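To keep things clear, I will list the structure first and then write my remarks on it.
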Amino acid sequence: EKAQIGVTGLAVMGRNLARNLARHGHTVALHNRSQARTDALVADHGDEGDFIPASSMQEFVASLEKPRRVIIMVKAGGPTDAVIDELVPLMEPGDVIVDGGNALFTDTRRREAELRKHELNFVGAGISGGEEGALNGPSIMPGGSVEAYESLGPLLESIAANVDGTPCCTHVGPDGAGHFVKMVHNGIEYADMQLIGEAYDLLRSGLGMTPAEIAGVFRQWNTGDLESYLVEITAEVLGHVDADSGKPLVDVITDAAEQKGTGRWTVQSALDLGVPVTGIAEAVFARALSGHAEQRVAARELPGPSGGWGVTDRDAFISDVREALYASKVVAYAQGFDQIRAGSQAYEWDVHLGEMATIWRGGCIIRARFLNRIREAYDKQADLPTLLVDDYFSSVVGQAQSAWRRVVAGAAQYGLPVPGFASALSYYDGLRASRLPAALTQGLRDFFGAHTYRRIDKDGTFHTLWAEEGRPEISAD
Ligand code: NDP
């Protein structure tokens, strides 16, 4: 008997994906650089399905039916290249190599192009949901050729999360599209978490609520439009009491947020593409700020406003924070989807934005009820200029805006940092402005660098001789 698919790299993710595949009736070949992990998987879970363990890469490849399908689940970067180099001489034209790790999409583009020369199909697949998702149904974002997806898609769709009968897996687009979309997913995850943190901080500082009380608020929010995995687990984390100290656990956790780098990648790519993803960028920078312990200690005595927030209507305040959170979240997602569209255009991937919302509804960390709304928005109008102008989103943000402004203004007055809420509001106001100070920026650029400008009333490119009282000069355009 041959295996339908093989997994090499059997740490938490690979191990759980292999088990998920086996539980769905697929025969799975197993390989890991150090054999102990392979043996442990078979010893612990061998009875969950059909596994073919291999002690060498040769043996592993030989146990696969053709066209061969291999999922690589190793540390991203050099290790992935090392495994690919080992696999390539053992594979034949038409075989499929999947990288399920968190690869940078530009690496995926390079690998896909390289493997295409060997007539091998390389699929960079973003996989979200952590180890739990890998075992019970992740969201899968596979890139690569259409041909590769034909051979691989049914297998991946069978193990992906499923929402209302639709698998959380679809062919995203060629080469690096899958890993690009996974990257933006992670960036949105950063923004989402930052906004949730700000909402918590507002309730805590503005109302003096305890973490347990705030957990209750999040639990309640999770029954409405904000319903999402992250809001759900926020209630869990805030409700958790530390066994050692008897305090809320959140109060004994060091307030320095770490990162593995996918948020940074998202912002770097957004800078290259010229897409303002302020929500994601603020979230990455907020984590960086939190980690600068020395500066924070040095700055602790800097003056801030005196006096408390003086909130009188508690329920109204909670409702304002909820509205501000939802509106800011809509902005963060709108920006993330803009980035996917821009990447898709720049790299010619033809990514279907509504389908991305669809496959994020389950399995992944940002799974949320409101992704249905995003899907509907793109179903109605595939070339929507921004999610913010969709009927549903424009109306919820429009309704939220007074509360949103009260919260941001109050935070500024009270001295509470809300970079996510505030920058989202500025983005919203920037986008809807009829006239921006960018006109002055252009004037300044022309003044010091003769960079020219365009006019609202005439075609062409203009440069002013500023020293000579500014008579415009029309250049040949
Ligand atoms: P790790 O990222 O911790 O990687 C460990 C695995 O990589 C082991 O199987 C190890 O083999 C193998 N490995 C490391 N270096 C090499 C090498 N040079 N040659 C061959 N094999 C090597 O494992 P995870 O399971 O946490 O993650 C796997 C991938 O999935 C990563 O790319 C990660 O970013 C991604 N991912 C992880 C998620 C998570 O929640 N953990 C979520 C989504 C994606 P050995 O046993 O011999 O050391």
### Task
Those residues that are in contact (Cβ under 8 Å) with a residue 60 or more places away in the chain, in a helix (DSSP H, G or I) and not aromatic (Phe, Trp, Tyr), I need them from segment 403-424; list them, please.
Ala403, Arg406, Val407, Val408, Gly410, Ala411, Gln413, Pro419, Gly420, Ser423, Ala424
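If a residue counts only when it is closer than 27 Å to Gly362 by Cβ, which helices (runs of 4 or more DSSP H) contained entirely in segment 227-332 have at least 2 such residues?
Numbers: elements: 229-239, 249-252, 262-273, 278-291, 293-299.
Of the helices (runs of 4 or more DSSP H) lying wholly inside segment 227-332, those with at least 2 residues that are closer than 27 Å to Gly362 by Cβ span 229-239, 262-273, 278-291.
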### Summary
Scanning segment 20-34 for residues that are polar (S, T, N, Q) and under 14 Å from Pro53 (Cα atoms) gives Thr27, Asn32, Ser34
### Task
Can you confirm whether segment 367-387 contains a residue that is surrounded by 14 or more Cβ atoms within 10 Å (Cβ to Cβ), small (Gly, Ala, Ser) and under 22 Å from the mean Cα position of the chain (by Cα)?
yes
### Task
Looking for whichever is crowded, with 24+ Cβ neighbours inside 10 Å and not basic (Lys, Arg) here; the options are Gly25, Gly46, Gly14. Which one fits?
Gly14
### First in segment 436-454 and of a type in the set (Lys, Arg), second anywhere and in a loop (DSSP other than H, G, I, E, B), Cβ under 7 Å, 6 or more apart
Arg445/His451; Arg454/Thr461
#### Entry: segment 1-28, subset under 21 Å from Ser151 (Cα atoms) and part of a helix (DSSP H, G or I), residue nearest to the ligand (Cβ to nearest atom)
Gly14
### Task
Can you confirm whether segment 98-116 contains a residue that is assigned to a helix (DSSP H, G or I) and either near the ligand (Cβ under 9 Å from one of its atoms) or within 20 Å of Leu64 (Cα to Cα) (or both)?
yes
## Note on the structure
Sole miss for Gly354 among (1) more than 17 Å from Glu376 (Cα to Cα); (2) touching a residue at least 12 places away in the same chain (Cβ under 8 Å); (3) out of contact with any Leu (no Cβ under 9 Å at 6 or more places or on another chain) is condition (1)
### Message
Anything in segment 122-148 that is away from the ligand (no atom under 14 Å from the Cβ), buried (at least 24 other Cβ atoms within 10 Å of the Cβ) and outside any strand (DSSP E or B)? List them, or say none.
### Response
Gly144, Ala148
### Query
How many of the residues making up segment 178-206 are among the aliphatic types (A, V, I, L, M) and farther than 21 Å from Thr262 by Cα?
3
### Condition met for Asp39 (within 15 Å of the ligand (Cβ to nearest atom) and over 27 Å from the mean Cα position of the chain (by Cα))
yes
### Task
Output the residues belonging to segment 165-183 that are touching a residue at least 24 places away in the same chain (Cβ under 8 Å) and assigned to a loop (DSSP other than H, G, I, E, B).
Cys168, Thr170, His171, Val172, Pro174, Asp175, Gly176
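Let's see how each residue does on (1) touching a Cys at 6+ places or on another chain (Cβ under 7 Å); (2) touching a residue at least 24 places away in the same chain (Cβ under 8 Å); (3) among the small types (Gly, Ala, Ser); (4) under 20 Å from Leu152 (Cβ atoms):
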| residue | (1), (2), (3), (4) |
| --- | --- |
| Lys2 | no, yes, no, yes |
| Met13 | no, yes, no, yes |
| Val28 | no, yes, no, yes |
| Arg33 | no, yes, no, no |
| Gly46 | no, no, yes, no |
| Ser63 | no, yes, yes, yes |
| Val70 | no, yes, no, yes |
### Query
Looking at segment 29-82, which of its residues are of a type in the set (Ser, Thr, Tyr), more than 14 Å from Arg15 (Cβ to Cβ) and in a helix (DSSP H, G or I)?
Thr80
### Message
Go through (1) in a helix (DSSP H, G or I); (2) in contact with a His (Cβ under 9 Å, 6 or more places away or on another chain) for Ile365 and report which single condition fails.
### Response
(1)
### Summary
Selection from segment 83-95 of residues within 34 Å of the chain's Cα centre (by Cα) and outside any helix (DSSP H, G or I) yields Met91, Pro93, Gly94, Asp95
### Task
Please state which of the following conditions Gly165 fails to meet, knowing it meets all the rest: (1) closer than 21 Å to Glu355 by Cα; (2) touching a strand residue (DSSP E or B) at 6+ places or on another chain (Cβ under 8 Å).
(2)
### Task
Looking for whichever is away from the ligand (no atom under 11 Å from the Cβ), more than 17 Å from the chain's Cα centre (by Cα) and either at pLDDT 95 or above or not in a loop (DSSP other than H, G, I, E, B) (or both) here; the options are Gly187, Gly153. Which one fits?
Gly153
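The values are calculated or read from the model by the stated rules, or taken from the named source; none is laboratory data. Predicted, not measured: the structure shown is a model, and the values here were computed from it. FYI the Cβ positions are ideal-geometry reconstructions off the backbone, even for glycines, and counts take in every protein chain you see.
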